[in-house]
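Asks: I am attaching a structure below and will ask some questions about it afterwards.
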Amino acid sequence: MKLRIILFIILFVIVYKAKAQDPIFSQSNYVQETLNPGFSGFEDNERIYAGVLSRLQWPSLDLNLTTQYAFVNKSFDYGPSLGFGVGVNAVWQYESFSNYNYLQINANYAHRVNLDGGWFFRPGIEVGVGNKSNRFRNLTLADQININTGVINPVSVDPLSNNTASRYFLDFSTGFVIEKEEINGRTFWFGASVKHLNKPNISFVEGEKAPLNIFYSLHGNYRFPFLNEYSIMMTANYMQQGQYNRLDIGSLFQVNQFLIGLTAATNPARNDDNSHLLTSINAFMGLEYTEFRFGVSYDMNLSKIGNTRGVYEFSLTYLSRCRRCNTDRGRKR
């Protein structure tokens, strides 16, 4: 009981003083809507693209995290020179130990600009409304706890007991994608995004400011045929928020409707002496069936955080048929 109380105090101080970081999905390399509004309508030809992602992190620890993400977008095409995409998405994150809860709903728009030589430029914008809370009515502050006896006093004189509230905020993001038209089964694109342009205030304490750090991401994808009938996709994704950064490098091998992927998650900054360059190895398995793709991934932790039983992710995406194409081409990603 005493250990749990001490852990709670430490965790509350971290949540109260630290500037929160964005949820990151291991399968972002395959579901890029989590990173960049420029992917809204990316599949073109008036196709609908929708999906859900579910992430369970560190199930062996008391402070395990669950994160859910859902999205839908549609492309609109008016001849070869005009196209755009619109969509909505939502992300929800919950941390069981401190009751930390984060919910955000976004709307996005991306425009397609046709360039010479089969190149396309897709700038996008995203506007969202977010909420962060810790269920403060159930919050236990330090002066309520008698460490020696474990007794908790129901009354606190700490100013935080009457000066905390859930935080609602507006959020603005932007990004772009540059894509090369498919040639002989080869596709290529790269993009960049900037989230939280307005640095929304996410402080739980009334009258104080804790601006949410800007989130930067650079990502690229190259897909090419292998042994005529199969394909390999190489992916890279660099992310930075505040002093923290992460570089994911991976590949996805597709044999008919089966997919096998492997990604290395690295920490190039290595902010302290205990940091690891290679933090985890993430394995992915998927299956495509008609318009659906099912995916499951497991992150094997390589850091010294302890026995966490890793991170599990499940995904389901849907891509409608291409009604304007002579042949129903597959996914671009």
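Asks: Which residues, taken from the range 246-300, are farther than 22 Å from Tyr49 by Cα and among the charged types (D, E, K, R)?
Replies: Arg246, Asp248, Arg270, Asp272, Asp273, Asp299
Asks: Inspect all residues belonging to the range 205-220 and state whether any of them is at positive phi and touching a residue at least 24 places away in the same chain (Cβ under 8 Å).
Replies: yes
Asks: Would you mind finding the one in Pro23, Pro59 that is at pLDDT 85 or above and closer than 27 Å to Gly250 by Cα?
Replies: Sole residue among the options that is at pLDDT 85 or above and closer than 27 Å to Gly250 by Cα: Pro23.
Asks: Whether any residue in the range 206-215 is of a type in the set (Gly, Ala, Ser), surrounded by 15 or more Cβ atoms within 10 Å (Cβ to Cβ) and modelled with pLDDT under 90 is what I want to check.
Replies: Yes; the residues of the range 206-215 include at least one that is of a type in the set (Gly, Ala, Ser), surrounded by 15 or more Cβ atoms within 10 Å (Cβ to Cβ) and modelled with pLDDT under 90.
Asks: Give the range 202-254 a look and list any residue that's under 20 Å from Pro23 (Cα atoms) and part of a loop (DSSP other than H, G, I, E, B), or say none.
Replies: Passing the criteria: Ile202, Ser203, Phe204, Ala210, Leu212, Asn213, Ile214, Gly242, Gln243.
Asks: Does the range 303-310 contain at least one residue that is among the aliphatic types (A, V, I, L, M) and at pLDDT 95 or above?
Replies: No; the residues of the range 303-310 include none that is among the aliphatic types (A, V, I, L, M) and at pLDDT 95 or above.
Asks: Now, a different point. Looking for something closer than 23 Å to Ala192 by Cβ and polar (S, T, N, Q) - is there at least one such residue anywhere in the range 244-255?
Replies: Yes, some residue in the range 244-255 is closer than 23 Å to Ala192 by Cβ and polar (S, T, N, Q).
Asks: From Ser275, Ser251, which residue is modelled with pLDDT of 85 or more and either within 26 Å of Leu212 (Cβ to Cβ) or touching a strand residue (DSSP E or B) at 6+ places or on another chain (Cβ under 6 Å) (or both)?
Replies: Testing whether each residue is modelled with pLDDT of 85 or more and either within 26 Å of Leu212 (Cβ to Cβ) or touching a strand residue (DSSP E or B) at 6+ places or on another chain (Cβ under 6 Å) (or both) leaves just Ser251.
Asks: While we're on this one: Which pairs do you get when a residue that is closer than 17 Å to Tyr318 by Cβ, found in the range 16-32, comes within reach of a residue that is modelled with pLDDT under 90 and of a type outside the set (Gly, Ala, Ser), reach meaning Cβ atoms under 8 angstrom, with the pair 6+ apart or on two chains?
Replies: Tyr30/Arg333; Gln32/Arg333
Asks: Only one of these conditions is not met by Pro268: (1) part of a strand (DSSP E or B); (2) exposed (fewer than 14 other Cβ atoms within 10 Å of the Cβ); (3) not acidic (Asp, Glu). Which number is it?
Replies: Of (1) part of a strand (DSSP E or B); (2) exposed (fewer than 14 other Cβ atoms within 10 Å of the Cβ); (3) not acidic (Asp, Glu), only one is false for Pro268: (1).
Asks: While we're on this one: Restricted to the range 85-97, and to residues that are more than 18 Å from Ile24 (Cα to Cα), at pLDDT 95 or above and of a type outside the set (Val, Ile, Thr), which residue is surrounded by the most Cβ atoms within 10 Å (Cβ to Cβ)?
Replies: Here the answer is Gly85.
Asks: Checking the condition closer than 17 Å to Asn29 by Cβ, at pLDDT 95 or above and in contact with a Leu (Cβ under 6 Å, 6 or more places away or on another chain), which residue from Gly295, Gly261 passes?
Replies: Gly261
The values are calculated or read from the model by the stated rules, or taken from the named source; none is laboratory data. Owing to the predicted nature of the structure, the values given are computational and were not obtained by experimental measurement. Cβ atoms come from the backbone with ideal geometry, glycine included; neighbour counts cover every protein chain shown.
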